[in-house]
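Input: a single structure, listed below in structure tokens.
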Amino acid sequence: MAMRIGVSLNIAGAENYVDEIVGLARDAAASGVRSAWFGQRLDYDAAALAGIVGREVPGLEVGTSAIPIFGRHPVLVSSQAQTSQAATRGRFHLGLALGARFIVEPAFGVAFERPIALLREFLTALRPLLETGKADFHGELLTAAPTMPAALAGAKPPVPVLVAAMGPQALRVTGELADGTLPYLVTPKTLGEHIVPAITAAAERAGRPAPRIVAFVAGVVTADVDAARENALRQMAFYDQVPSYQRVVELAGATNAGELAVIGDEGHIAAEVQRYFDAGATEVVFTQTDLGSPADQQRTFEVLGGLSRPST
């Protein structure tokens with residue numbers, strides 16, 4: 001049986017970001033990779049970019065990894081998600097996140113308060129919007145009661161909702177109200193001992209189906225392991241500032257995020273991918289595939305694509 005494997009894509013120094021990311025997604029799809037994911041930044045819109053890529057690259061599943069809920073509203077996020085779902089004819093996956101205080105407060109001018117409560121209300125309002133185009137939610141932190149139709153023709157099936165949840169409280173809410181989680185920087189051990197049991201138990205208590213566990217793994221195939229590791233330590237230093245990532249780095253016994261990147265030859269990458277599936281991942285998505293050279297990135301796509309193909 002084929003493994004569900006994707007890549008998270010970004011480009012540095014592009015002249016036209018959208019054009020070049022579409023080209024990179026085509027390269028990944030041609031190698032056999034099954035999905036492409038896009039983090040939310042402050043320049044492009046992740047849901048729109050995913051919709052464009054999915055429409056331009058037939059057959060490729062696309063998703064966001066992930067859109068922070070602070071500074072956004074369920075009605076508008078639903079509209080974005082449905083638009084991308086219709087554009088891709090059902091190949092869009094909506095990934096959400098809590099975000100981080102040091103980004104949210106200065107960028108949006110809103111207080112980063114009660115994030116778990118906000119996540120619960122956001123998901124409670126969002127799910128009926130995606131499933132029926134209707135909502136009549138009046139919570140402590142937000143209201144979602146559109147006075148006009150909010151269902152988009154062609155946005156079928158209902159957009160799956162995943163959350164970048166890794167802490168116990170976020171995993172509980174995600175298991176109860178979402179379709180799965182998007183953990184990043186977790187080792188197979190952390191995944192199997194902390195993430196999978198917590199979200200699965202929450203989903204079972206809520207009477208929901210078994211959750212998707214989409215493990216995001218930083219890594220690249222390269223012969224120059226030392227140079228790639230130096231790049232990982234530099235590129236991934238951002239995550240050392242985020243409390244949720246600090247926790248999973250500590251659980252891994254590491255001191256910084258860059259240590260957790262999976263770097264080595266084809267055999268090493270394939271073995272690590274298998275370890276994640278053995279630990280309970282339903283899907284694996286490789287990020288930071290640009291830690292080496294462009295040729296290394298292509299080799300990474302080919303290895304991951306090969307693992308994605310059904311065995312004969």
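Nothing in this text is a laboratory measurement; each read-out follows from the coordinates by a stated rule. The structure displayed is predicted, hence computed values, not measured ones. Neighbour counts run over all protein chains shown; Cβ positions are idealised from the backbone, glycine included.
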Checklist entry - So who's got an amide H within less than 5 Å of the one on Phe137, skipping anything under 5 residues away but keeping other chains? H placed 1.01 Å off N, in plane. => result Ala144, Ala145
Checklist entry - Lys/Arg Cβ at +1, Asp/Glu Cβ at -1, dipole of the chain taken about the Cα centre: which of Val173, Ala237, Gly23 is farthest positive-ward? => result Val173
Next on the checklist: Under 5 Å between amide hydrogens, which residues at least 5 positions from Val285 or on another chain qualify, with H placed 1.01 Å from N in the peptide plane?
Outcome noted: Gly6, Ala215, Phe216, Val217
Checklist entry - How large is ³J(HN,Hα) for each residue in the stretch 83-93, as worked out from phi by the Karplus curve 6.51 cos²θ - 1.76 cosθ + 1.60 (θ = phi - 60°), to whole Hz, x for Gly and Pro? => result 4, 5, 5, 5, 5, 9, 6, x, 10, 9, 10
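How would Leu191, Leu42 line up from fewest to most surrounding beta-carbon atoms within 10 angstrom? List each step's numbers first, then the result.
Numbers: Leu191 25, Leu42 6.
Placing the least packed residue first, the sequence is Leu42, Leu191.
Nearest 20 debye, what's the magnitude of the dipole of the chain about its Cα centre given +1 on Lys and Arg Cβ and -1 on Asp and Glu Cβ? Walk me through the intermediate numbers first.
Details: 25 positive and 32 negative charges, 212 e Å.
Taking the Cα centre of the chain as origin, the dipole is about 1020 debye.
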Checklist entry - So what are the three principal axis dimensions of the chain from its Cα atoms, in whole Å, longest to shortest? => result 57, 42, 40
Item to check | Separation between Cα centres of the stretch 108-163 and the stretch 247-273, rounded to whole Å | outcome: 35 Å
Checklist entry - Over all directions, what mean area does the Cα convex hull of the stretch 178-312 project, stated in square nanometres? => result 8.8 nm²
Checklist entry - Rg/Rh for the stretch 1-40: what does it come to with C-alpha atoms and Rh from Kirkwood? => result 1.03
Item to check | Residue of Ser35, Ser65, Ser293 that the Gaussian network model of the chain assigns the largest fluctuation, springs spanning Cα pairs under 10 Å | outcome: Ser293
Item to check | ³J(HN,Hα) computed for each position of the stretch 152-166 - Karplus, 6.51 cos²θ - 1.76 cosθ + 1.60, integer Hz, glycine/proline x | outcome: 9, 4, x, 8, 10, x, x, 4, x, 10, 10, 10, 6, 9, 9
Checklist entry - For the chain, modelled as a Gaussian network with Cα springs under 10 Å, which listed residue fluctuates most, Ala144, Ala254, Ala201? => result Ala254
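Hey, could you get me the Stokes-Einstein D for the stretch 185-230, Kirkwood radius over alpha-carbon pairs, 20 °C and 1.002 mPa s, rounded to whole µm² s⁻¹? Don't jump to the answer; show the numbers that get you there.
Working: Rh = 12.9 Å.
Rounded to a whole number, D works out at 166 µm²/s.
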Checklist outcome for this item: The convex hull of the Cα atoms of the stretch 33-118, divided by residue count, gives a volume in Å³ per residue of 93 Å³
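Size of the dipole of the stretch 1-108 about the Cα centre, Lys and Arg at +1 and Asp and Glu at -1 on the beta carbon, nothing else charged, in debye to 20?
Here the size comes out at about 440 debye.
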Checklist outcome for this item: Going from the fewest other Cβ atoms within 10 Å to the most, one would list His93, His194 as His194, His93
Checklist entry - What do the square roots of 5 times the Cα gyration tensor eigenvalues come to for the stretch 235-299, in whole Å, largest first, as semi-axes of the equivalent ellipsoid? => result 21, 17, 10
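Given Cβ point charges of +1 (Lys, Arg) and -1 (Asp, Glu) and nothing else, what value in debye, to the nearest 20, does the dipole of the stretch 159-253 about its Cα centre take? Please report the intermediate quantities before stating the final value.
On the way: 8 positive and 9 negative charges, 58 e Å.
For this selection, approximately 280 debye.
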Checklist entry - Is the stretch 85-207 rounded, prolate or oblate when judged by the Cα gyration tensor, a ≥ b ≥ c being the square roots of its eigenvalues, rounded requiring a/c under 1.5 and prolate requiring a/b larger than b/c? => result oblate
Item to check | J(HN,Hα) series, the stretch 304-309, from Karplus relation 6.51 cos²θ - 1.76 cosθ + 1.60, nearest Hz, glycine and proline x | outcome: 5, x, x, 5, 6, 7
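When the helices in the chain are scored as -39500 (n - 2.57) per DSSP H run of 4 or longer and the sum is shared across all residues, what 222 nm value do you end up with, to the nearest 500 deg cm²/dmol?
-13500 deg cm²/dmol
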Checklist entry - Going toward the positive end of the dipole of the chain, with +1 on Lys and Arg Cβ and -1 on Asp and Glu Cβ, which of Val217, Leu98, Leu291 do you reach last? => result Leu98
